[in-house]
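Please find one structure pasted underneath; my questions will follow.
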């Protein structure tokens, strides 16, 4: 084994065992998203160590726990309260208009490109791009916060290709994301998915897509 | 766990990925006693373990589509979610105020010597437990404290009253031995 392979093997073992901590753990988790071979090593270690769990007798959790879990699931059927949709939609449109004009006036270098919306069209992000389309910015518009243990992640999906993560999105202020030269915004899709805190552990979207737009 | 159980759970997770609530409940019934035992063992407080399990099943509901059956079994995948969350929890200052209860640790570290394991049907599990017996007692204890209690290198060093460097090398060598011995 080469030094690097050996080092990675030791890291995979420590990660699966749980002794890799702090920033080293976070760095390793980021690498796992990009390196399938490393993720496979970790899975091997997890499978091996799972054998240790079988020495422990199972403990049935209290019945109330399942009830709490069911209550925290997203609503089962999407009931669109008709009477309340229209004012929200109108307000959103006004706010959108204001935001678009504000962006147009304030930042001549960034041109509004598209609006990322959720399925109900009640929450939006304004997407702007630099003239050369090598930077895009995202500005939140009536966006509700996510839970502390979750993060929003922005994806660029070139036509017919796998999603590429552009980074995490926080709902508080406009953020900029560089677009690499080999990527193009032409006919691509932008999407924001709901991920575990810190972003997708696999390097691909894992949670539901909350917002998307075709460019 | 035998292959048919694993297959059943894979089918359930795939249904959960399509928002099938009945499948989710069935998956919960099948796996929660195991995951609750894992969380209880690491956190040592029922209320915390319940809270973590609650969060983790919501994570499982949302992330079911990302489960890759080529990499690991459903139970291993779900155990990883629970262990990861427990490790985060243990790192927080709140959990640190409650220090390790010694009798509890002794009782659980000795679970490794449990002979029931030899009767387990899964040959790889039996092999792992055989291999654990080849380790030096320091190596075995360090690995058990890390895995079962979620202790860090520094916590284990404090518990065994040994230098952190020794603990790190026991764990590294112990894990290398397990890899070779189990044939990973």
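Take region A:143-176 and flag every residue that is part of a loop (DSSP other than H, G, I, E, B) and under 20 Å from residue A:92 (Cβ atoms).
A:143, A:144, A:145, A:146, A:171, A:172, A:173, A:174
Let me ask something additional. Taking region A:13-22, which residues are within 9 Å of chain B (Cβ to nearest Cβ) and not in a helix (DSSP H, G or I)?
Within region A:13-22, A:18, A:19, A:21 qualify.
Now, a different point. Report whether or not residue B:159 is closer than 23 Å to residue B:85 by Cβ and assigned to a helix (DSSP H, G or I).
yes
So that you can scan it fast, the table gives a plain yes or no per residue for (1) closer than 19 Å to residue A:72 by Cα; (2) surrounded by fewer than 17 Cβ atoms within 10 Å (Cβ to Cβ); (3) facing another protein chain (nearest Cβ under 8 Å):
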site: B:33; (1), (2), (3): no, yes, yes
site: B:36; (1), (2), (3): yes, no, yes
site: B:47; (1), (2), (3): yes, yes, no
site: B:55; (1), (2), (3): yes, no, yes
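Conditions: (1) closer than 30 Å to residue B:47 by Cα; (2) facing another protein chain (nearest Cβ under 8 Å); (3) modelled with pLDDT of 55 or more. Residue B:81 meets all but one. Number of the miss?
(2)
Filtering region A:93-142 down to residues that are farther than 21 Å from residue A:210 by Cβ and assigned to a loop (DSSP other than H, G, I, E, B), which residue is modelled with the highest pLDDT?
A:134
Do we have residue A:209 as within 12 Å of the chain's Cα centre (by Cα), under 23 Å from residue B:67 (Cβ atoms) and assigned by TED's automatic domain parsing to the domain that holds residue A:100 here?
In short, yes.
I've got another one for you. Just to be sure I understand, how many residues within region A:23-47 are over 15 Å from residue B:146 (Cα atoms) and either facing chain B (nearest Cβ under 7 Å) or touching a helix residue (DSSP H, G or I) at 6+ places or on another chain (Cβ under 9 Å) (or both)?
The qualifying residues number 16.
Looking only at residues in region A:192-204 that are more than 8 Å from chain B (Cβ to nearest Cβ) and crowded, with 19+ Cβ neighbours inside 10 Å, which one is nearest to residue A:161 (Cα to Cα)?
The extreme case among them is A:203.
The values are calculated or read from the model by the stated rules, or taken from the named source; none is laboratory data. Source: prediction; values computed, not measured. Neighbour counts run over all protein chains shown; Cβ positions are idealised from the backbone, glycine included.
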